[in-house]
Amino acid sequence: TRIWSMKSSLKMMRIQPRLDALKKKYANLKINDPKRAEMQTEQMAIMREEGVNMYGGCLPLLLQMPLFFAYYRVLLNAVELRQAQWFWLHDLAMPDPHYILPITIIGTMFLVQYITPSPGMDPMQRRMMAIMMPAIMGFTLLHFASGLALYWITGNIISLIMQVAIN
C-alpha cells in the first residue's frame, strides 16, 4: 500500500505545474461562481489523462488503520506476548521505560515526512506537518505497548527505504 501511495504522490507531483496554471487561470473566481465547475472538470480531465487518482494518497492509510488497531488489541490481550523480551524491553505489552522507542518514532517519522514529496502543499504547511505529525505520534505512543511502537518504527524504516529508492 505504501508503494501505491508513493507512486500516486509522484504522479501528482508531475502534474502539479499544470494544476497550478489552472488555478491561476481561475484565481479571480468566487467560491460560488459557476465557472468553478469548469475548473474542477479541467482538473479531473488532467488527472484522468495522467492516470492520477486523487484518493491514491489516503486510501492506503485507510486500509492500514484496521491492522494497526488489531495489532494493538492483540498486544493488550495476548498472554503469550506478556513478558516477551527484546533487547532492553522486558515486556513488549508495556510501554518503553527508557523512552527510546517514542524518540525513534519521532525521528523516523520526521525523516519520512521530510523526504516525501508533497505536491501542491504550502511550504510552511509542509514544515508544520513534518514536525507536528511525528511529535504527536511519538507522544501518543509514549504510553502504548512497546510491541506496537516497534511495529510503527519498523514500518517507518521500511517507508524510509522505499521513499529513498523511489526518489
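Residue check: is T108 open to solvent by less than 80 Å² (accessible area, probe 1.4 Å) and more than 29 Å from L19 (Cβ to Cβ)?
Yes: the conditions hold for T108.
Do you know which residues across the stretch 77-129 are of a type in the set (D, E) and free of Cβ contacts under 8 Å to residues at least 24 places away in the same chain?
E80, D122
Looking at (1) out of contact with any Leu (no Cβ under 8 Å at 6 or more places or on another chain); (2) in a loop (DSSP other than H, G, I, E, B); (3) under 30 Å from P17 (Cβ atoms), which is the only condition D91 fails?
(3)
What's the number of the condition Q125 fails, among (1) part of a helix (DSSP H, G or I); (2) modelled with pLDDT of 80 or more?
(2)
Any residue in the stretch 78-94 that is over 23 Å from I157 (Cα atoms), modelled with pLDDT of 80 or more, open to solvent by 60 Å² or more (accessible area, probe 1.4 Å) and of a type in the set (V, I, T)?
No - not one qualifying residue is present in the stretch 78-94.
The values are calculated or read from the model by the stated rules, or taken from the named source; none is laboratory data. As the structure is a computational prediction, the values presented were derived from the model and not from experiment. Counting neighbours? That spans all protein chains shown, and the Cβs are built from the backbone with ideal geometry, glycine included. What goes into the accessible areas is simple: the full protein's heavy atoms, side chains included, and nothing from ligands, DNA or RNA. Shrake-Rupley method; radii C 1.70, N 1.55, O 1.52, S 1.80 Å.
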